[in-house]
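Here's the structure we're looking at; comments come further down.
The values are calculated or read from the model by the stated rules, or taken from the named source; none is laboratory data. Keep in mind that this is a model prediction, so the values were computed, not measured. All Cβ positions, even for glycine, are placed from backbone atoms using ideal geometry, and neighbour counts span all protein chains on display.
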Amino acid sequence: MIPLEKLESTIPKSMLKKGLTVLSTELKPMKILIEQKRVPEEGWKDDLIERFLDLLSTMDSDKDSKVASVGEREGRVASPLVSKLAAGFHHGVGRSGQLVAPQPKAAGCSLMYYFANRLATYAMKSFGVPNIKKAYVVPMATGMTIGLALSVARDSTCGKEVVCPRADHESPLKAIRLVGLKAKTVEGKVFEDAVRVSTEDVEEAISEETCAILSTTTFFPPREPDNVKEIAKIAAREDVPHIINNAYGVQSREIMKMIRGSIDAGRVDAIIQSTDKNFLTPVGGAVVASPNEDFLDRISKAYAGRASASPIVQFLASMLSLGVKGYEELRDEREENWKMMGELLKDVAEKHGERLLNVYNPISVAMTMTKKSAKKIGKVLYASRVTGARALDSTDFGVCCPKYITSYINFDVTIQTQRKDVVLATKRLDKVLATVK
């Protein structure tokens, strides 16, 4: 673009050639990204990511020094700090008719969103579900994105109810109400330590009023992941849209394998996962993937107006920073730390007359709390600077069934959890159990 080779008369030709070689080497990852449109194998350095984003944002109309701006929305920003926080993408993404449509005033931002969606598709395929067709990054968190997907299911059926295997989380329930639908909850049942929702009960809950099935892969013990493969078969037989809430499942190879099997076996219309929990961004975005391109495109068209570019650019920057290799290393580390959490928590449980819950959950570990007040232990543990643990009594919202067999406490081991966090959390739990009466 810039004819630097014409400067050979200003400095020795050998020096210029060497300088151009260095420049070409440093910019080569950008060239590969533009050509291949996939997550890089090796993560980029921050300065290269900034250079790439700055290059794209410079293409937007608000950077044009010769433009005459007379519209109501021209990408004007009061503070340089605000512009920096938005990586220079002031116009947002999409148009009133479609979320992923190019934005006339923002060629650079439109390209940025294009690359984010291509990387999202590649990431979902590479990290466990190669049988999807496409994925979009949505600038709303998981719950709101579930609502958007349900609105598409609502408009394509005559139903008013969403069949929900019980997962005690307010966000999906609010999403259902937000789009004018009603949750038809299928109760969880206790099988030894595990809480499961019977697929037979799910099928029985389907009626002429059914708009969609909303299944869940990731939740806290004692709740086990839904049998999404069997639910997908039911959805295909009954011709009912099936949306999977895969909130933090991308980081688990086992859960992604379950989703891959469900797509092969039956009907899956949308798989929704958080960008912060899975791809280490600030809260505010989700990736919605699907083997059904038409359903995904209708989700894009259902979004009202333009949208913030910030969650999109954060996802793109995160994926460029991690690369495929970096993300797989994080998954390896998470699996090792999950095993260690189970071992250390088992030692603590046995020391205090408790036991681990025998529940299939590849991300969380839980232990009984029969000798102490679970809620009191949870509060003291939080005061001891252990965050993320959940302590519940047997009838609390969160147990996913009418009444569980015991009070308990659980710990999640997600990507970027450090080994020292696992060790410190279990040590502090041991101390709290020993001192709290």
Residues of segment 20-62 being acidic (Asp, Glu), more than 19 Å from Leu119 (Cβ to Cβ) and in a helix (DSSP H, G or I), in sequence order, are Glu26, Asp47, Asp62
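Under the condition of being of a type in the set (Ser, Thr, Tyr) and in contact with a helix residue (DSSP H, G or I) (Cβ under 7 Å, 6 or more places away or on another chain), which residue from segment 395-412 is surrounded by the most Cβ atoms within 10 Å (Cβ to Cβ)?
Ranking the qualifying residues of segment 395-412, first place goes to Tyr408.
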Got at least one residue in segment 240-257 being closer than 14 Å to Thr414 by Cβ, surrounded by fewer than 24 Cβ atoms within 10 Å (Cβ to Cβ) and in contact with a helix residue (DSSP H, G or I) (Cβ under 6 Å, 6 or more places away or on another chain)?
yes
Looking at (1) under 25 Å from Leu181 (Cα atoms); (2) under 10 Å from the mean Cα position of the chain (by Cα), which is the only condition Thr281 fails?
(1)
Could you tell me which residue of segment 371-391 is surrounded by the fewest Cβ atoms within 10 Å (Cβ to Cβ), considering only residues that are over 15 Å from Glu354 (Cα atoms), touching a helix residue (DSSP H, G or I) at 6+ places or on another chain (Cβ under 8 Å) and of a type outside the set (Gly, Ala, Ser)?
Arg385
Just name the residue that is farthest from Ile132 (Cα to Cα) out of those in segment 236-279 that are part of a helix (DSSP H, G or I) and of a type in the set (Gly, Ala, Ser).
Ala236
Going by the structure shown, is Asp47 surrounded by fewer than 11 Cβ atoms within 10 Å (Cβ to Cβ) and modelled with pLDDT of 80 or more?
yes
Of the residues in segment 83-105, those that are over 12 Å from Arg306 (Cα atoms) and among the aliphatic types (A, V, I, L, M) number 3
Looking across segment 101-118 at residues that are surrounded by fewer than 24 Cβ atoms within 10 Å (Cβ to Cβ) and aliphatic (A, V, I, L, M), the single one that is modelled with the highest pLDDT is Leu111
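Here's the yes/no breakdown for (1) in a helix (DSSP H, G or I); (2) over 24 Å from Ile244 (Cα atoms):
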position: Val283; (1), (2): no, no
position: Ala289; (1), (2): no, no
position: Leu316; (1), (2): yes, no
position: Lys325; (1), (2): yes, yes
position: Leu344; (1), (2): yes, yes
position: Ala349; (1), (2): yes, yes
Filtering segment 144-162 down to residues that are in contact with a strand residue (DSSP E or B) (Cβ under 9 Å, 6 or more places away or on another chain) and closer than 23 Å to Val313 by Cα yields Met144, Thr145, Ile146, Leu148, Ala149
Identify, please: which residue in segment 336-361 is surrounded by fewer than 18 Cβ atoms within 10 Å (Cβ to Cβ) and within 24 Å of the chain's Cα centre (by Cα) and is, among those, nearest to Leu111 (Cα to Cα)?
Glu336
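Counting just the residues of segment 94-119 that are farther than 17 Å from Phe52 by Cβ and aliphatic (A, V, I, L, M), which one comes out farthest from the chain's Cα centre (by Cα)?
Ala101
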For segment 175-194, which residues satisfy the criterion of being farther than 14 Å from Arg154 by Cα and either surrounded by 15 or more Cβ atoms within 10 Å (Cβ to Cβ) or in contact with a strand residue (DSSP E or B) (Cβ under 6 Å, 6 or more places away or on another chain) (or both)?
Lys184, Thr185, Val186, Gly188, Lys189, Val190, Asp193, Ala194
Restricting to segment 270-297, name every residue that is over 27 Å from Ala86 (Cβ atoms) and of a type in the set (Lys, Arg).
none
Checklist (1) among the basic types (Lys, Arg); (2) assigned by TED's automatic domain parsing to the domain that holds Asn245; (3) at pLDDT below 85 applied to Lys133, failing item:
(3)
